[in-house]
Amino acid sequence: MKGPLLWGVILGLGLIAFALRYYPIVLLERFHLPPVLQQALRYVPAATLAGLVLPALLTHEGHWALHPLNPRLIAGGVAIFLAWRFKNVLLTLLGGMATLWVLQGLGL
Amino acid sequence: MKPSAAPTTPPQAFGRGVLQILPISLGIIPFGLVTGIAGLNAGLSVAQITFMSALVYAGAAQLVALQLIGAGAGVPFVLLALLVVNLRYLMYSSALARPFAALSPRLKALAAFLMVDQNFALMMGQYEALGPRLAPWLYLGAGTVLWGVWVASSYAGALLGAQVPEGWSLDFAVPLCFLVLMVPALRNRPSLLAALVGGLVATALVGLPYRSGLFLGALAGIAAGVWLENRGHR
């Protein structure tokens, strides 16, 4: 893929990305969602974000990597503890990255 | 943030959104760098990478689309992959319909364009305290900063390219960015269960094409959270 086609693909990606974000806002304001859907929407952040986090900690090259010396699992655990205990964004990011660097430096 | 610093006007709410998102937006710099490098690997020019980040503005989906472009996948598959990875925005956008109901049509379009995990999570966490008059401005302030940082860091990644050593494991900053948002969203047992189920199902299905496991996992996690909450009421 190159040149004009690639520009076209990027435009198409932009249109789809915008439509997904835009239409529910303008279509749903006129009527109320059923209570069970409103309740369901409250769990969207937790369920979705965990789906972006856990695979990166629990898998390696597409397979489960649950062994206790998996450096990304340990670094992720440290980051979860830091985020929960101190509620500090930079501390969490730096603590997680530093843990991974140390473990990789140790040859894990 | 102390209660005394609570915003009372839309510009103050916008400013508070800018300030509160700054540390989080520092965290997306490595994410943008990784995306810029992935764009180079997929054969895009620096201009195309920067334009893509400015227009599409969706980290995880861009990474998946770039992988497919680099692998020579057909155009429909690239578009479909973005659709599936970004389906969560249908849920975010649905949740934001009522909070944004009072915005002008133009601001609604802008708010939709600037929608990402970070400003959505920030706003949902403060909507009860700020209400529908101020919370959208907190969201817009945060979204403006996030967009600027995202475009600049993707551009920087495309310029630096392969000069970033692999040993830095910058790709690990991507899940860490999401982790920072996830932990405060775990406020009670149902949300904890929603995260556990959503995360584990997504992990189990990580081999599915177009990262559709992310969406299926989210549906399973949401169902689990709703189930536990309703069970507690009976």
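The values are calculated or read from the model by the stated rules, or taken from the named source; none is laboratory data. Keep in mind that what you see is a predicted model, and the values were worked out from it rather than measured. Don't worry about glycine lacking a Cβ; one is built from the backbone with ideal geometry, like all the others, and counts go over all protein chains shown. Just the protein is used for accessible areas: all its heavy atoms, side chains included, with ligands, DNA and RNA removed. Shrake-Rupley method; radii C 1.70, N 1.55, O 1.52, S 1.80 Å.
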ask   = For chain A, with the dipole built from +1 on Lys and Arg beta-carbon atoms and -1 on Asp and Glu ones, taken about the Cα centre, which of A:ASN88, A:LEU57, A:GLY105 lies farthest toward the positive end?
value = A:ASN88
ask   = In degrees between 0 and 90, to the nearest 10, how far off the longest principal axis of chain A does helix A:44-58 point, with axes built from Cα atoms?
value = 40
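How high is the FRET efficiency between A:TRP101 and B:LEU208 when r is their beta carbon distance and R₀ equals 35 Å, given to the nearest 0.05? Provide the component values of the computation, followed by the final result.
Working: r = 31 Å, r/R0 = 0.89.
That gives a FRET efficiency of 0.65.
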query = In a shell of Cβ-Cβ distance under 14 Å around A:LEU27, excluding A:LEU27 itself, what net charge do Lys and Arg (+1) and Asp and Glu (-1) give?
reply = +3
task = Using only atoms on other chains, find how many Cβ atoms lie within 10 Å of each Cβ of peptide B:225-231 and report the average.
result = 3
query = Can you give the mean number of other chain Cβ atoms that lie within 10 Å of the Cβ atoms in peptide A:60-67?
reply = 1
ask   = Which of B:THR35, B:ALA97, B:PHE215 sits closest to the plus end of the dipole of chain B, meaning its Cα is farthest towards the positive end, when Lys and Arg get +1 and Asp and Glu get -1 on the C-beta?
value = B:ALA97
remark   = Once both label points are put 7 Å beyond Cα along the C-beta direction, the A:ALA19-A:HIS67 separation in nm becomes 4.6
task = With a Förster radius of 25 Å, plug the Cβ-Cβ distance of B:ALA6 and A:LEU33 into 1/(1 + (r/R0)^6) and report the FRET value to the nearest 0.05.
result = 0.30
query = Which of B:PHE77, B:ALA135, B:ALA195 sits closest to the plus end of the dipole of chain B, meaning its Cα is farthest towards the positive end, when Lys and Arg get +1 and Asp and Glu get -1 on the C-beta?
reply = B:ALA135
ask   = Charges only on Cβ, +1 for Lys and Arg, -1 for Asp and Glu: so what's the dipole of chain B about the Cα centre, in debye to the nearest 20?
value = 740
inquiry  = Modelling each spin label as a point 7 Å along the Cα-to-Cβ direction, I'd like the B:ARG106/A:TRP7 distance in nm, to one decimal.
reply    = 2.8
ask   = Can you give the average number of partner chain beta-carbon atoms within 10 Å of each beta-carbon in peptide A:69-78, as a whole number?
value = 1
query = Of the peptides A:67-73, B:161-167, A:77-83, B:217-223, how do they stack up when ordered by the mean number of other Cβ atoms within 10 Å, highest first?
reply = B:217-223, A:77-83, A:67-73, B:161-167
query = If one takes the longest principal axis of the Cα atoms in chain A, at what angle in degrees, from 0 to 90 and to the nearest 10, does the Cα axis of helix A:71-86 lie?
reply = 70
key: Interface A:B - total buried accessible surface [probe 1.4 Å, Å², rounded to 100]   = 6500
query = What accessible area per residue comes out for region B:71-220, rounded to a whole number of Å², with a 1.4 Å probe?
reply = 41
remark   = Rounded to the nearest 10 Å², the 1.4 Å probe accessible area of B:ILE69 is 10
task = Express the accessible area of chain A per residue in Å², computed with a 1.4 Å probe while the remaining protein chains stay in the model.
result = 54
request  = Quote the FRET efficiency, to the nearest 0.05, computed for B:ASN230 versus A:HIS60 with a Förster distance R0 of 30 Å and r equal to the Cβ-Cβ distance.
outcome  = 0.20
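In the protein assembly as shown, what percent of the accessible surface is made up of carbon and sulfur (1.4 Å probe, ligands and nucleic acids excluded)?
Values: 10870 of 15630 Å².
After summing per-atom areas, the C and S share lands at 70 percent.
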note = Looking at region B:140-172, residues buried by 30 Å² or more relative to their chain on its own, accessible surface at probe 1.4 Å, turn out to be B:TRP168, B:SER169, B:PHE172
message = How big is the dipole moment of the protein assembly as shown about its Cα centre under a simple scheme where the beta carbon of each Lys and Arg is +1, that of each Asp and Glu is -1, and everything else is neutral? Debye, nearest 20, please.
response = 880
